[in-house]
Amino acid sequence: MGKKWGEQMKNWLTRSMNLPEDVMMDLPRITMIGQLHIYIENHRGLLTFSDKEVRLLLTKGQLLIKGQSFTIKTILPEEILIEGKVEKLVYLEG
Amino acid sequence: MNNQWLAFFQGVIVVYIQGQGAERFINQLIRSRIPVWQVTRHDERTVSFSCSLTHIHKIRRAARDFEGEVRFSKGDGFPFLWKRLLKNAGFVIGALLFLFVILLLSNIVWRIDINGATPKMEHEIRKELANIGVEEGEFILKMDDPETVQKKLLSRVKGLTWIGVEMKGSTFHFRVVEKNEPEEKKQAGSRHLVAAKDAVVTKLFVEKGQAVVKRNQFVRKGQLLVSGFIGSEGNLREVGAEGEVLGETWYRTSVEMPAETHFHLLTGQQVNKHFLELGEFSLPIWGFKSHSFAHYKKEEQEHSISFLGFSLPIKYNKHTYYESEQSLRSYTRQEAEKRALEAAREDLKAKLSEKAAIQGEKILQREFRNGKVKLSVHFQVLENIAVGKPITQGDRENARKKHNEHSTREPE
């Protein structure tokens, strides 16, 4: 009950004060440059990684990236930069 | 990612991991703040990534908990390059030695060209150059700069009017202009001897010709002393008059001598410092001791170092500090006067020919003012006053006229 109330409070604050949602609500911020790069901030860890598929853990649920010849250019605790040919981006509800 | 260069200098290693749960291993690494990059999957079981060499121990520790196999593959970056370099040390040393030899050879004089000189003069110049230290096979750094070489040559080689010194790479070019000293004219036939200045004749040594003046006679400048016409009236002949006529001449000089003089004397103590200069920055390479001279004179010698004919931006600079002493010289009036007189004498001697002798001197005026002695001195000098003067047509006619007068008078 209390957690839900807190969520609502955050939601209302971001909307009324025009704050970026990814900061306030721990959501991933995804930047893509065409199909070449995908840059994800605020992930919670690497689940699977192959040259065709990358699965990342998020605060809520998971993110599935599909494509070809993936390489992880950089990986930091909360950021990841993947290079290759991005074809699909799927949110999996956890 | 922003410090790729730092990673390159620290060294980069590629790690291969085989087995299930490679993702978990990577997660574990990044959670313990070990940056990894370039993560690629090769097959079902193999993943490779790059990481910094400095974290290799942490990765080993993490690998203990990992059930698969962790293998360190090729290294990249500066430490590995260095290792390879050391392995091929012989090659590197060879390359450095090669550069060093070229550098050395670029700073040696290979050739000395002398243009515009007669063989004799060229030989003379080469000999003098060897004395100065400019020789084929010598280091340019050890030598004086072209201007100094020029100055030294001009002062030491007789018969040089001008010499152009130019350094092109490792070659010295000299362009020579010789003095065209007029050869002393041989006694061009007949001449008189006339007085060079006003004087009183004291002695006459006539070798050829006929003396016209007597001892103790006062002569004016240009007056005939020894005639070139000899023989009795009947057969007058012309000869080149030769001889010496000593006459007493007079000079008046005025000199000034300060009673107190400050001098800078070099004591002979010197300190050398050697620098390599790159633009504004100068790196001392030898002579780190700083001099402790209260007064000194500083001299700088600069040489640019050349490589294969190009001059590098590096310069070699030698500073020499000579210790100097300030000393005060003070004279009493009598002493100052004496010195002034000596100075006057020296002054006069420099003007006179070597054979001339000072017979007497007399101080005409002495004045002491503002710490200075001012003397006006009169000198009596004994010197040769005879100079040759060719017999002109006019002289001949005069002589003939005189002769004719005689001959017309004769019959009487």
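This table checks each residue for (1) touching a Phe, Trp or Tyr at 6+ places or on another chain (Cβ under 7 Å); (2) farther than 19 Å from A:Glu83 by Cβ; (3) at pLDDT 85 or above; (4) hydroxyl-bearing (Ser, Thr, Tyr).
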residue	(1), (2), (3), (4)
B:Leu6	no, yes, no, no
B:Val14	no, no, yes, no
B:Phe25	yes, yes, yes, no
B:Arg33	no, yes, yes, no
Considering the stretch B:40-71 alone, what residues qualify as being outside any helix (DSSP H, G or I), more than 8 Å from chain A (Cβ to nearest Cβ), open to solvent by less than 60 Å² (accessible area, probe 1.4 Å) and within 14 Å of B:Val14 (Cβ to Cβ)? B:Thr46, B:Ser48, B:Ser50, B:Cys51, B:Ser52, B:Val70
Selection from the stretch A:54-70 of residues that are within 20 Å of B:Gln28 (Cβ to Cβ), of a type in the set (Val, Ile, Thr) and surrounded by 17 or more Cβ atoms within 10 Å (Cβ to Cβ): A:Val54
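Residue check: is B:Phe91 open to solvent by 30 Å² or more (accessible area, probe 1.4 Å) and at pLDDT 90 or above?
Details: open to solvent by 30 Å² or more (accessible area, probe 1.4 Å): yes; at pLDDT 90 or above: no.
It is false that B:Phe91 is open to solvent by 30 Å² or more (accessible area, probe 1.4 Å) and at pLDDT 90 or above.
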Give me the strands (runs of 3 or more DSSP E) completely within the stretch A:45-86, filtered to those with at least 3 residues that are more than 12 Å from chain B (Cβ to nearest Cβ), ordered by residue number. A:62-75
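Is at least one residue of the stretch B:332-354 part of a strand (DSSP E or B), open to solvent by 40 Å² or more (accessible area, probe 1.4 Å), aliphatic (A, V, I, L, M) and at pLDDT 80 or above? Lay out the reasoning, then the answer.
We begin by selecting, within the stretch B:332-354, every residue part of a strand (DSSP E or B); these are none.
No, the stretch B:332-354 contains no residue that is part of a strand (DSSP E or B), open to solvent by 40 Å² or more (accessible area, probe 1.4 Å), aliphatic (A, V, I, L, M) and at pLDDT 80 or above.
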How many residues, within the stretch B:25-39, are more than 9 Å from chain A (Cβ to nearest Cβ) and either under 18 Å from B:Glu67 (Cβ atoms) or surrounded by fewer than 16 Cβ atoms within 10 Å (Cβ to Cβ) (or both)? 3
Here the residues within the stretch B:5-23 that are surrounded by fewer than 19 Cβ atoms within 10 Å (Cβ to Cβ), out of contact with any Gly (no Cβ under 6 Å at 6 or more places or on another chain) and either in contact (Cβ under 8 Å) with a residue 24 or more places away in the chain or acidic (Asp, Glu) (or both) are B:Phe9, B:Gln10, B:Val14, B:Tyr16, B:Gln20, B:Gly21
Given the conditions (1) among the polar types (S, T, N, Q); (2) in contact with an Asp or Glu (Cβ under 8 Å, 6 or more places away or on another chain); (3) more than 30 Å from B:Glu248 (Cα to Cα), which single one is not true for B:Ser190? (3)
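Report whether or not B:Lys74 is more than 11 Å from every other protein chain (Cβ to nearest Cβ), open to solvent by 60 Å² or more (accessible area, probe 1.4 Å) and in a helix (DSSP H, G or I).
Numbers: more than 11 Å from every other protein chain (Cβ to nearest Cβ): yes; open to solvent by 60 Å² or more (accessible area, probe 1.4 Å): yes; in a helix (DSSP H, G or I): no.
Judged against the criteria, B:Lys74 is not a match.
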Could you tell me how many of the residues in the stretch B:232-255 are open to solvent by 50 Å² or more (accessible area, probe 1.4 Å) and either not in a strand (DSSP E or B) or not assigned by TED's automatic domain parsing to the domain that holds B:Ile363 (or both)? 5
Would you be able to tell me the number of residues in the stretch B:217-231 that are assigned to a loop (DSSP other than H, G, I, E, B) and open to solvent by 40 Å² or more (accessible area, probe 1.4 Å)? 6
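Can you give me the number of residues within the stretch A:30-44 that are among the hydrophobic types (A, V, I, L, M, F, W, C) and either at the interface with another protein chain (Cβ under 10 Å from one of its Cβ atoms) or open to solvent by less than 50 Å² (accessible area, probe 1.4 Å) (or both)?
2
Which of the following residues is open to solvent by 50 Å² or more (accessible area, probe 1.4 Å) and touching a Pro at 6+ places or on another chain (Cβ under 6 Å): B:Lys362, B:Lys372, B:Lys401? So that I can check it myself, show each step before the final result.
On the way: B:Lys362 fails: touching a Pro at 6+ places or on another chain (Cβ under 6 Å); B:Lys401 fails: touching a Pro at 6+ places or on another chain (Cβ under 6 Å).
Only one candidate qualifies: B:Lys372.
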Which condition does A:Val23 not pass, out of (1) open to solvent by 70 Å² or more (accessible area, probe 1.4 Å); (2) in contact (Cβ under 8 Å) with a residue 40 or more places away in the chain, if it passes all the others? (2)
Find all pairs meeting these conditions: Cβ atoms under 6 angstrom apart; at least six residues apart or on different chains; first residue within the stretch A:65-94 and free of Cβ contacts under 8 Å to residues at least 40 places away in the same chain; second residue part of a loop (DSSP other than H, G, I, E, B) and open to solvent by 20 Å² or more (accessible area, probe 1.4 Å). A:Ser69/A:Asp51; A:Phe70/A:Asp51; A:Thr74/B:Met1; A:Glu78/A:Asn42
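Check whether at least one residue in the stretch A:59-72 is out of contact with any Lys or Arg (no Cβ under 9 Å at 6 or more places or on another chain) and over 30 Å from A:Arg15 (Cα atoms), and report yes or no.
Within the stretch A:59-72, the subset out of contact with any Lys or Arg (no Cβ under 9 Å at 6 or more places or on another chain) is A:60-61, A:72.
Of the ones still in play, those that are also over 30 Å from A:Arg15 (Cα atoms) are A:72.
Looking for residues that are out of contact with any Lys or Arg (no Cβ under 9 Å at 6 or more places or on another chain) and over 30 Å from A:Arg15 (Cα atoms), one finds at least one in the stretch A:59-72, hence yes.
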Could you please tell me which pairs satisfy a Cβ distance under 7 Å, a separation of 6+ or placement on different chains, a first residue in the stretch B:277-293 that is of a type in the set (Ser, Thr, Tyr), and a second residue that is at pLDDT 80 or above and open to solvent by 80 Å² or more (accessible area, probe 1.4 Å)? none
For the stretch B:158-180, indicate whether the set of residues that are modelled with pLDDT under 85, touching a Gly at 6+ places or on another chain (Cβ under 7 Å) and open to solvent by 90 Å² or more (accessible area, probe 1.4 Å) is non-empty. yes
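The values are calculated or read from the model by the stated rules, or taken from the named source; none is laboratory data. Here the structure is a predicted model, which means the values were calculated and not measured. Counting neighbours? That spans all protein chains shown, and the Cβs are built from the backbone with ideal geometry, glycine included. These area figures cover heavy atoms from the full protein model, side chains too; ligands, DNA and RNA do not enter into them. Shrake-Rupley method; radii C 1.70, N 1.55, O 1.52, S 1.80 Å.
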